[in-house]
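Contents: one structure, followed by commentary.
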Amino acid sequence: MYMTAAERITPPPPSSRADTGRSPFVRLRELLGDAPPGQPAISLAVGEPGHGVPSFVGPVIAAHIDEFGRYPMNKGLDPFCEAAAAWLGRRFALPRPIDPTQEVLVLNGSREGLFLAAIAAARWAASRQPERRLGRPAMLIPNPFYAAYAAGAVAADCEPVYLPATAATGFLPDLDALPEQLLARTVAFFLASPANPQGAVADLAYLKRVVALARRFGFLVFSDECYSEIYTRRAPPGILEAGGPDYANVVEFQSLSKRSNLPGLRIGFVAGDRTFLARYLELRNVAAPQVPTPMQRVAIAAYGDEAHVRENRRLYAQKFDLADQIIGDRYGYRRPAGGFFLWLDVSAQGGDEAVALRLWREAGLRVVPGRYLARDQADGSNPGLGYIRVAMVQDQETTAEALHRLVAVLG
């Protein structure tokens, strides 16, 4: 039976509503089992940057080593918030400068920030609109998605509603397919641009439409922009550019994991709607781990330096040049606008799980089946089905070897 786009937008079935989903990497380990790699192993599964740590990291930590002996404030050091606000002003065409005293908070990376933000959002929405009785609060999540979004929605006792982001919609949720009944009970809309895994970038017009919906229906936009500094054509716009002049209903999440090759530092920030951030800080003061101040000192240096970021982009661009040459037009490949993943359609080669297993057994390549990064929709479709995600995080020589092996196996 034919289903409309609105009918395909669906929460999980009742039996799975308490399920935050299983890690795609655990599922991948189970799929591969004890099978040995067919060639020396190359992991292209985890999005862990393999480029070098910036040279200033060690000296900054050493200079502030004594600060490990003090409890940090949960809001973040004033110089950190000022550095983050200043970077936002240089990077994006903001309608007005961000106020570092009320519109920026430090995070232990964007992952825990996004998770706890969902809980804070549910409380924020209940306090602002207690009269609403329109059904169970909902959180909108692009599908495929980063697992922290769904985990946060479930922890907040909200209904995770998965919005298919497919080639037909430019790998972004179709805003025209959102029913008003759903929007009326929405608490938060998670958006990733550049998208993980597809690398799609939302233009400013798209972002402004999302913000307009958020203000009309009273929900928050949680914009995950951790890949914003890895792009292949032009710098992606950010949600704060669409949220002025007061940034109401708009919240941006940033991280140094990808921008500065510092996933182990566990530091980032959130910026935007000051009324929400005040409530968010109340929760963080009792529930969130503080960020050590020496780590914040490193972040201050990182946000003040663009040379290492430009070098990072150059290295990724070289690897996408390799993909252009080696993969060409196979598997629906198109150079992504942002991020560092390939999202390859291998449905004609046997499907995502079969191909992932074959690439391991024959080529020693570890990739993630697309279905593991997504959820089934109401019509039984899965937006990740038939795709594999390939993380371009190895050095150039290793990447070239991996891509040649992939093509040799899949044809």
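The values are calculated or read from the model by the stated rules, or taken from the named source; none is laboratory data. Keep in mind it's a predicted model, so treat the numbers as computed, not measured. All Cβ positions, even for glycine, are placed from backbone atoms using ideal geometry, and neighbour counts span all protein chains on display. Please note that ligands, DNA and RNA were not included when accessible areas were found on the heavy atoms of the full protein model with its side chains. Shrake-Rupley method; radii C 1.70, N 1.55, O 1.52, S 1.80 Å.
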Can you compute the equivalent ellipsoid semi-axes for segment 338-411, i.e. the square root of 5 times each eigenvalue of the Cα gyration tensor, sorted largest first and rounded to whole Å?
23, 14, 9
Accessible area (Å², 1.4 Å probe, nearest 10) - residue 229
10
Which of 287, 200, 278 ends up with the largest GNM mean-square fluctuation for the chain, with Cα atoms connected below 10 Å?
287
Pair residue 25, residue 71: separation of 7 Å Cα→Cβ label points (nm):
3.1
Shape of segment 234-294 from its Cα gyration tensor (a ≥ b ≥ c, root eigenvalues): rounded if a/c is under 1.5, otherwise prolate when a/b > b/c, or oblate?
oblate
Whole-number percent relative contact order across segment 101-194, with pairs defined as alpha carbons under 8 Å at least 6 apart
33
Relative contact order %, segment 346-411, counting alpha carbon pairs below 8 Å whose residues are six or more apart:
33
FRET E, pair residue 93, residue 408, Förster distance 60 Å, beta-carbon r, rounded to 0.05:
0.85
In Å and from the alpha-carbon atoms only, list the Rg and Dmax of segment 42-88.
15.4, 42
Comparing 299, 212, 195 in a Gaussian network model of the chain (Cα, 10 Å), the one with the largest mean-square fluctuation is 212
Choice from 27, 266, 335 with maximal GNM fluctuation in the chain (Cα, 10 Å cutoff)
27
Under a plain spin-label model, where a point goes 7 Å from the Cα along Cα-to-Cβ, how far apart in nm are residue 311 and residue 396?
1.4
Length released on extending from residue 203 to residue 126, taking residue separation times 0.36 nm less the Cα-Cα span:
24.6 nm
Can you find, among 383, 365, 393, the residue farthest towards the positive end of the dipole of segment 355-411? Put +1 on the C-beta of Lys and Arg, -1 on that of Asp and Glu.
383
Modelling each spin label as a point 7 Å along the Cα-to-Cβ direction, I'd like the residue 378/residue 39 distance in nm, to one decimal.
4.6
With a ≥ b ≥ c taken as the square roots of the eigenvalues of the C-alpha gyration tensor of the chain, please select rounded if a/c is under 1.5 and otherwise prolate if a/b is larger than b/c or oblate if it is not?
oblate
Whole-percent carbon and sulfur contribution to the accessible surface of segment 172-290 (1.4 Å, no ligands, DNA or RNA) stands at 50
Using a 1.4 angstrom probe on the protein heavy atoms only, could you order 277, 204 from most to least accessible area?
204, 277
Accessible surface of residue 385 in the full protein assembly, 1.4 angstrom probe, to the nearest 10 Å²?
90
Please report, in debye to the nearest 20, how large the charge dipole of the chain is about its Cα centre when each Lys and Arg carries +1 at its beta carbon and each Asp and Glu carries -1 there.
380
Å² per residue, accessible surface of the chain at 1.4 Å
40
Report, in deg cm²/dmol and to the nearest 500, the calculated mean residue ellipticity at 222 nm for the chain, where each DSSP H run with n ≥ 4 adds -39500 (n - 2.57) and the sum is divided by the residue count.
-11000 deg cm²/dmol
Rounded if a/c under 1.5, otherwise prolate or oblate - segment 197-302, Cα gyration tensor axes:
oblate
At a Cα cut-off below 20 Å, give the aspartates and glutamates reachable from residue 258, other chains included and same-chain residues fewer than 8 away excluded.
48, 112, 224, 225, 229, 305, 306, 311, 321, 395
With a Cα-only, solvent-free Debye model of segment 155-209, what are the log10 I(q)/I(0) values at q = 0.13, 0.16, 0.22, 0.23 Å⁻¹?
-0.36, -0.54, -0.97, -1.04
Unit charges on C-beta of K, R, D, E only; dipole of segment 228-267, Debye
300
